[in-house]
Amino acid sequence: MTYRKNDHVTVTIEDIGSDGEGIGRVEGFTLFVKDAVIGDTVEAKIVKSKKSYAYARLEKVIQPSPFRVEPKCPYHRQCGGCQLQALSYEKQLEFKERKIRGNLIRIGGFDAEYVDAYMEPILGMEEPFHYRNKAQYPVGCDRDGNIITGFYAGRTHNIIANTNCYLGVPENETILNTILEYMRTNHVSAYDETTGEGLVRHILIRTGFTSGEIMVCLVINKKMKEFLPNQGELLRKLEQIEGMTSVSVSINTEKTNVIMGKEVFTIWGSPTISDTIHVRDMRKEGCPLTGQELTFKISPLSFYQVNPLQTEKLYSTALEYAGLTGKETVWDLYCGIGTISLFLATAAKKVYGVEIVPQAIEDARENARRNHIENAEFFVGKAEEVLPEFYERMSLGEVSGEGGQQDSAGNDSSMLHPDVIVVDPPRKGCDSACLATILKMRPERIVYVSCDSATLARDLRVLCDGGYEIKRIRGVDMFAHSGHVECVIMMQYNANGVRMGKEKNLQG
Ligand code: SAH
């Protein structure tokens with residue numbers, strides 16, 4: 001049985017694909033139907049057909065799933081942001097847990113029984129809307145040449161005009177309308193990706209949920225003396241918005257999908273905003289850390305977790321998994337503005353952070369000062385370069401014996417063999433050179449914070465083959481309504497090499 005393009009089929013959705021799409025089968029033929037919900041019976045139109053499977057477009061829901069809910073956003077089907085809004089939140093969480101489990105088994109080669117034995121229940125949100133503290137809106141023109149802003153439609157760069165996203169904070173709408181009105185009255189052009197002409201490319205808005213401070217950064221395509229025409233008018237309007245703290249421009253003249261340019265200039269107010277994160281004590285007795293609160297300053301180019309409420313749960317879990325008692329030496333790789341590093345530092349002897357973005361490291365050092373933390377040190381560079389270079393250099397001059405001794409450069413040799421290494425890489429996961437060095441450094445525990453369970457599973461296999469075993473696994477829902485899920489894993493070194501699947505590798 002095969003289907004051809006434009007054929008209509010009736011299918012019952014039995015599963016959810018990795019991007020949130022519905023999956024159904026008709027006589028052994030597999031159909032991927034975007035926007036169809038598990039449990040739905042739908043009519044779908046084939047858009048692309050292969051030998052044994054096809055992609056289809058949802059035409060009509062014939063029998064709605066008991067898990068189907070009324071989506072809040074009228075654009076949820078077009079917009080690339082929310083793939084799961086029509087699925088009940090409970091089922092979204094179930095899907096995300098299964099996604100982590102499935103990737104660990106399929107990609108990581110771990111036995112299902114191990115995964116199930118160590119998996120703890122996913123940490124979901126109480127109120128899964130208006131959770132994002134950051135949004136980046138592309139600016140462009142509609143067919144009639146009117147300036148618009150909103151979100152890209154899924155898998156395209158067509159802008160859906162929408163200034164009221166249910167995931168963001170309500171203030172965003174006022175800010176966007178202020179900027180659009182300023183652009184229209186002052187004839188400020190929007191950037192056109194096809195020609196590379198036009199001025200305003202993106203609008204970044206960030207809000208500190210605890211401080212109430214707002215940052216606006218306009219990404220523009222040209223460097224001029226006064227960055228924006230009639231800039232004073234825009235600033236006068238923006239500064240009236242409650243909470244406005246920082247207005248900047250970022251210059252990006254490249255033909256690229258990267259949103260921010262490398263340079264940022266503050267044109268009003270402070271160059272940064274601040275926010276406070278509160279970490280709960282989720283740990284067992286004997287740990288010095290009780291509920292901790294730290295304040296962070298954030299620049300436009302620095303990474304900062306987008307879901308502040310869930311960040312507290314994520315960091316609390318990571319800290320609990322790190323199992324610190326105050327004596328440990330810890331590396332925090334991919335440390336951003338030092339958020340996790342500084343929480344670790346409150347419960348460890350010494351923390352070393354590594355991060356590729358120089359502005360983020362400047363923020364991290366300033367954040368350490370602000371919070372009176374003196375036992376954290378930060379390095380700028382790629383984790384896969386800083387760590388191996390450091391390891392080579394240090395092990396050449398290593399003083400033999402116990403940790404705590406100093407080499408000629410004054411470095412503590414426990415740096416070389418830390419107790420815990422925390423990693424929190426971007427979606428592509430850790431570079432193999434980074435993983436190889438972690439294995440050489442052989443920490444007692446590794447805490448892996450991941451925003452992509454597929455690359456996580458790949459990296460955990462390398463670490464397991466190097467002598468580590470998974471001890472704890474927990475999903476955290478940082479991105480409600482999207483198909484993405486965050487995950488924290490704790491691994492422990494086991495010299496006996498416990499088998500967790502893929503026996504071939506272990507024997508080899
Ligand atoms: N742990 C931080 C940041 C996590 S996001 C937090 O919770 O806020 C991942 C970070 O890794 C980003 O700050 C990004 O700039 C940084 N990064 C990306 N590639 C890197 C690399 N090769 N080496 C070091 N840092 C990198």
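The values are calculated or read from the model by the stated rules, or taken from the named source; none is laboratory data. Since we're looking at a predicted model, the values are computed, not measured. Cβ: placed from backbone, ideal geometry, glycine included. Neighbour counts: every protein chain shown. The protein model used for the area step is the full one, side chains on, heavy atoms only, and it has no ligands, DNA or RNA in it. Shrake-Rupley method; radii C 1.70, N 1.55, O 1.52, S 1.80 Å.
Summary of computed values
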| item | result |
| --- | --- |
| Residues satisfying the stated conditions in region 299-326, i.e. within 13 Å of the ligand (Cβ to nearest atom), within 16 Å of the chain's Cα centre (by Cα) and of a type in the set (A, V, I, L, M) | Leu301, Val306, Leu314, Ala318 |
| Candidates Thr245, Thr207, Thr149 - the one that is modelled with pLDDT of 95 or more and either among the acidic types (Asp, Glu) or within 21 Å of the chain's Cα centre (by Cα) (or both) | Thr207 |
| Tally of residues being open to solvent by 60 Å² or more (accessible area, probe 1.4 Å), of a type in the set (D, E, K, R) and without any contact (Cβ under 8 Å) to a residue 40 or more places away in the chain across region 142-175 | 3 |
| Per-region count, region 13-27, residues part of a strand (DSSP E or B) and not hydrophobic (A, V, I, L, M, F, W, C) | 5 |
| Residue in region 122-130 that is open to solvent by 40 Å² or more (accessible area, probe 1.4 Å) and within 26 Å of Val264 (Cβ to Cβ) present | no |
| Candidate set: region 33-80, residues that are surrounded by 19 or more Cβ atoms within 10 Å (Cβ to Cβ) and among the hydroxyl-bearing types (Ser, Thr, Tyr); chosen: the one farthest from Thr149 (Cα to Cα) | Ser65 |
| Of the criteria (1) among the hydroxyl-bearing types (Ser, Thr, Tyr); (2) crowded, with 21+ Cβ neighbours inside 10 Å; (3) at pLDDT below 95, which one Thr325 fails | (2) |
| Of all residues in region 495-508 being open to solvent by 30 Å² or more (accessible area, probe 1.4 Å) and either modelled with pLDDT of 75 or more or of a type in the set (A, V, I, L, M) (or both), the one that is farthest from the chain's Cα centre (by Cα) | Asn496 |
| Residue check, Asp459 modelled with pLDDT of 90 or more, over 30 Å from Leu167 (Cα atoms) and within 16 Å of the ligand (Cβ to nearest atom) | yes |
| Cβ-Cβ under 7 Å pairs, at least 6 apart or on other chains, region 383-397 side more than 13 Å from Met415 (Cα to Cα), far side in a helix (DSSP H, G or I) and open to solvent by 30 Å² or more (accessible area, probe 1.4 Å) | Glu384/Ala433 |
| Condition met for Gln359 (away from the ligand (no atom under 11 Å from the Cβ), surrounded by fewer than 24 Cβ atoms within 10 Å (Cβ to Cβ) and modelled with pLDDT under 95) | no |
| Single residue of Thr2, Thr10, Thr30 found to be more than 29 Å from the chain's Cα centre (by Cα), of a type in the set (Ser, Thr, Tyr) and assigned to a loop (DSSP other than H, G, I, E, B) | Thr2 |
| Index of the failed condition, Gly102 passing every other in (1) in a helix (DSSP H, G or I); (2) modelled with pLDDT of 95 or more; (3) open to solvent by 40 Å² or more (accessible area, probe 1.4 Å) | (3) |
| Residues of region 470-494 that turn out to be surrounded by fewer than 19 Cβ atoms within 10 Å (Cβ to Cβ) and charged (D, E, K, R), as a count | 2 |
| Residues satisfying the stated conditions in region 162-197, i.e. assigned to a strand (DSSP E or B) and at pLDDT below 95 | none |
| Qualifying positions in region 23-51 - without any contact (Cβ under 8 Å) to a residue 24 or more places away in the chain and either in contact with a strand residue (DSSP E or B) (Cβ under 9 Å, 6 or more places away or on another chain) or more than 18 Å from Asn6 (Cα to Cα) (or both) | Ile23, Gly24, Arg25 |
| Pairs where the first residue, in region 295-307, is at negative phi and the second is more than 9 Å from the ligand (Cβ to nearest atom) and acidic (Asp, Glu), C-beta under 7 Å, 6+ apart | Phe296/Asp275; Lys297/Asp363; Lys297/Glu366; Ile298/Asp275; Ile298/Asp363; Ser299/Asp363; Ser302/Asp363 |
| Test: residue in region 415-426 that is more than 12 Å from the ligand (Cβ to nearest atom), in contact with a Gly (Cβ under 7 Å, 6 or more places away or on another chain) and in a helix (DSSP H, G or I) | no |
| Residues satisfying the stated conditions in region 66-94, i.e. in contact with a strand residue (DSSP E or B) (Cβ under 7 Å, 6 or more places away or on another chain) and among the polar types (S, T, N, Q) | Gln78 |
| Subset of region 332-354 that is closer than 23 Å to Met478 by Cβ and among the aromatic types (Phe, Trp, Tyr) - its residue that is surrounded by the fewest Cβ atoms within 10 Å (Cβ to Cβ) | Tyr334 |
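Here is a yes/no grid of residues against (1) farther than 26 Å from Pro308 by Cβ; (2) of a type in the set (Asp, Glu); (3) free of Cβ contacts under 8 Å to residues at least 24 places away in the same chain:
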{"residue": "Ile179", "(1), (2), (3)": "no, no, no"}
{"residue": "Ala190", "(1), (2), (3)": "yes, no, no"}
{"residue": "Gly198", "(1), (2), (3)": "yes, no, yes"}
{"residue": "Gly212", "(1), (2), (3)": "no, no, no"}
{"residue": "Val219", "(1), (2), (3)": "no, no, no"}
{"residue": "Pro229", "(1), (2), (3)": "yes, no, no"}
{"residue": "Gln240", "(1), (2), (3)": "no, no, yes"}
{"residue": "Met244", "(1), (2), (3)": "no, no, no"}
